[in-house]
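K.L.:
Shown below is the structure under consideration.
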Amino acid sequence: MSRIVKAASAQMGPIPKSQSRKQAVSRLVAMMREAKGRGAELVVFPELAFTTFFPRWMIEDEAELESYYETEMPGPETAPLFEESKKLGVGFYVSYAELVNEGGRRRRFNTSIIVDRNGEIVGKYRKVHLPGHSEPQPGRVHQHLEKRYFEPGNLGFGVWRAFGGVMGMCICNDRRWPETYRVMGLQGVEMIMLGYNTPFDHTGHADIDGLTSFHNHLSMQAGAYQNSTWVIGTAKCGKEEGSSMVGQSVIVAPSGEIVAMAATLEDEVITANCDLDIGKRYRQTIFDFARHREPEAYRLIVERKGAIAPPEN
Ligand code: CDV
């Protein structure tokens, strides 16, 4: 018997600085309704989906900076999304800037959650791989100050039983790192959800930046295939406050094939029927971890006891 998750990726066009949370949430609600109309039970929204991508600016005024963070989830302005989720019976993934009192101090994380079809939070993740810098870089038109505004996530890469399968999540830059997928793969993940904000000028090197779209898909397709999992990657894209960001949100099958892709740089919903048992076939054959992985060999390499030194002659 196949296990189908009817899933959607709800890509967002730019959120201008002047746009309120309320307006951003109403865009998300509209896309959730559209996804439901197309039969979806799960919608994946972008990274930092309630505000503009504020790490592109050096913000010295603390009150202004903190205005981009959520201190509760749901809060008064984000609650309509949870209410709609419950009303429609549609779950979702969303990412937001989190401000929390933890361990006796104020802490800031780039966070995502999985919400079930009853509008209840079932999983929480905090971004591990923070790109960019902690100090503004001279000569850059747009900064990328995630290392200033967030600390690395402290929740690991968990998985959760939801939507009839084993669900995992990560956020944006995490998608480029094989460890992200593998840690979840070792826990039997069947679907990984992620959101991203990826400017086309992120390294400042034309040869690398020119491959932004290719590397976006390459990372997710490789992660999906090598870990026998569905991957749903959702962009916030288009020209936001002068910064151009990649779109091409995708739903990737465990084969590594893209089965749905956004065609615009605006708010756009794409859907696919994701059969979780496709992943099972890959996990039982080419990527049967128990039969084919060689943890002892990996350990030796990591400890530099073997396999690194070239032969004597
Ligand atoms: N928001 C991100 O994490 N963006 C990074 C860029 C800066 C490289 C990404 O990996 O897409």
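K.L.:
Could you please find all residues in region 274-294 being assigned to a helix (DSSP H, G or I) and either closer than 30 Å to Ala40 by Cβ or within 28 Å of the chain's Cα centre (by Cα) (or both)?
P.N.:
Result: Leu276, Asp277, Ile278, Gly279, Lys280, Arg281, Tyr282, Arg283, Gln284, Phe289, Ala290.
K.L.:
If you don't mind, there's one more thing I want to ask. Kindly provide the set of residues from region 110-151 that are in a loop (DSSP other than H, G, I, E, B), of a type in the set (A, V, I, L, M) and surrounded by fewer than 18 Cβ atoms within 10 Å (Cβ to Cβ), ordered by number.
P.N.:
Val141, the sole residue that qualifies.
K.L.:
Continuing with this model, one more query. Among the numbered criteria (1) touching a residue at least 40 places away in the same chain (Cβ under 8 Å); (2) more than 16 Å from the ligand (Cβ to nearest atom); (3) assigned to a loop (DSSP other than H, G, I, E, B); (4) open to solvent by 20 Å² or more (accessible area, probe 1.4 Å), which single criterion is violated by Tyr225?
P.N.:
Failing condition for Tyr225: (3).
K.L.:
Same structure, new question: Quick one: would you say Phe157 is part of a strand (DSSP E or B) and crowded, with 19+ Cβ neighbours inside 10 Å?
P.N.:
No.
K.L.:
What are the pairs, 6+ residues apart or on separate chains, where a residue within region 124-136 that is at negative phi has its Cβ under 9 Å from a residue that is basic (Lys, Arg) and open to solvent by less than 40 Å² (accessible area, probe 1.4 Å)?
P.N.:
His129/Arg175
K.L.:
Yes or no: Ile114 more than 14 Å from the chain's Cα centre (by Cα) and more than 16 Å from the ligand (Cβ to nearest atom)? Please lay out each step first, then the result.
P.N.:
Values: more than 14 Å from the chain's Cα centre (by Cα): no; more than 16 Å from the ligand (Cβ to nearest atom): yes.
When the stated conditions are applied, Ile114 does not pass them.
K.L.:
Only one residue in Glu72, Glu64 is within 23 Å of Phe109 (Cα to Cα) and either in contact with a His (Cβ under 6 Å, 6 or more places away or on another chain) or not in a loop (DSSP other than H, G, I, E, B) (or both), so which one is that?
P.N.:
Just a single option satisfies the conditions, and that option is Glu64.
K.L.:
Here's a check for you: in region 170-201, which residue that is part of a loop (DSSP other than H, G, I, E, B) and more than 9 Å from the ligand (Cβ to nearest atom) is surrounded by the most Cβ atoms within 10 Å (Cβ to Cβ)?
P.N.:
Taking the candidates together, the pick is Glu190.
K.L.:
Would region 91-102 turn up any residue that is open to solvent by 40 Å² or more (accessible area, probe 1.4 Å), under 22 Å from Thr71 (Cα atoms), away from the ligand (no atom under 16 Å from the Cβ) and not acidic (Asp, Glu)? So that I can check it myself, show each step before the final result.
P.N.:
Going residue by residue through region 91-102, those that are open to solvent by 40 Å² or more (accessible area, probe 1.4 Å) are 101-102.
Filter once more, keeping what is under 22 Å from Thr71 (Cα atoms): 101-102.
With the extra rule that they be away from the ligand (no atom under 16 Å from the Cβ), the set shrinks to 101-102.
Still in the running and not acidic (Asp, Glu): 101.
Checked region 91-102: at least one residue is open to solvent by 40 Å² or more (accessible area, probe 1.4 Å), under 22 Å from Thr71 (Cα atoms), away from the ligand (no atom under 16 Å from the Cβ) and not acidic (Asp, Glu).
K.L.:
Residues of region 27-53 being buried (at least 20 other Cβ atoms within 10 Å of the Cβ), away from the ligand (no atom under 16 Å from the Cβ) and more than 10 Å from Val90 (Cβ to Cβ), which ones?
P.N.:
Leu28, Met31 - these are the residues of region 27-53 that are buried (at least 20 other Cβ atoms within 10 Å of the Cβ), away from the ligand (no atom under 16 Å from the Cβ) and more than 10 Å from Val90 (Cβ to Cβ).
K.L.:
Hey, among the residues in region 239-248 that are open to solvent by less than 10 Å² (accessible area, probe 1.4 Å) and touching a strand residue (DSSP E or B) at 6+ places or on another chain (Cβ under 7 Å), which one's nearest to Leu276 (Cα to Cα)?
P.N.:
For region 239-248, the residue satisfying everything is Gly247.
K.L.:
Within region 245-268, is even one residue touching a residue at least 24 places away in the same chain (Cβ under 8 Å), touching a helix residue (DSSP H, G or I) at 6+ places or on another chain (Cβ under 7 Å) and among the polar types (S, T, N, Q)?
P.N.:
Yes, because at least one residue in region 245-268 is touching a residue at least 24 places away in the same chain (Cβ under 8 Å), touching a helix residue (DSSP H, G or I) at 6+ places or on another chain (Cβ under 7 Å) and among the polar types (S, T, N, Q).
K.L.:
Could you grab the pairs with beta carbons closer than 7 Å, sequence gap of 6+ or different chains, first residue in region 162-178 and among the aromatic types (Phe, Trp, Tyr), second one more than 9 Å from the ligand (Cβ to nearest atom)?
P.N.:
Between residues of region 162-178 that are among the aromatic types (Phe, Trp, Tyr) and residues that are more than 9 Å from the ligand (Cβ to nearest atom), the close pairs are Phe163/Val5; Phe163/Glu41; Phe163/Leu42; Phe163/Gly91.
K.L.:
Answer with yes or no whether Gly210 is open to solvent by less than 10 Å² (accessible area, probe 1.4 Å) and more than 10 Å from the ligand (Cβ to nearest atom).
P.N.:
no
The values are calculated or read from the model by the stated rules, or taken from the named source; none is laboratory data. The structure presented is a predicted model; accordingly, all values stated were derived computationally and were not measured. Neighbour counts are summed over all protein chains in view; Cβ atoms, including those assigned to glycine, are modelled from backbone coordinates with ideal geometry. What goes into the accessible areas is simple: the full protein's heavy atoms, side chains included, and nothing from ligands, DNA or RNA. Shrake-Rupley method; radii C 1.70, N 1.55, O 1.52, S 1.80 Å.
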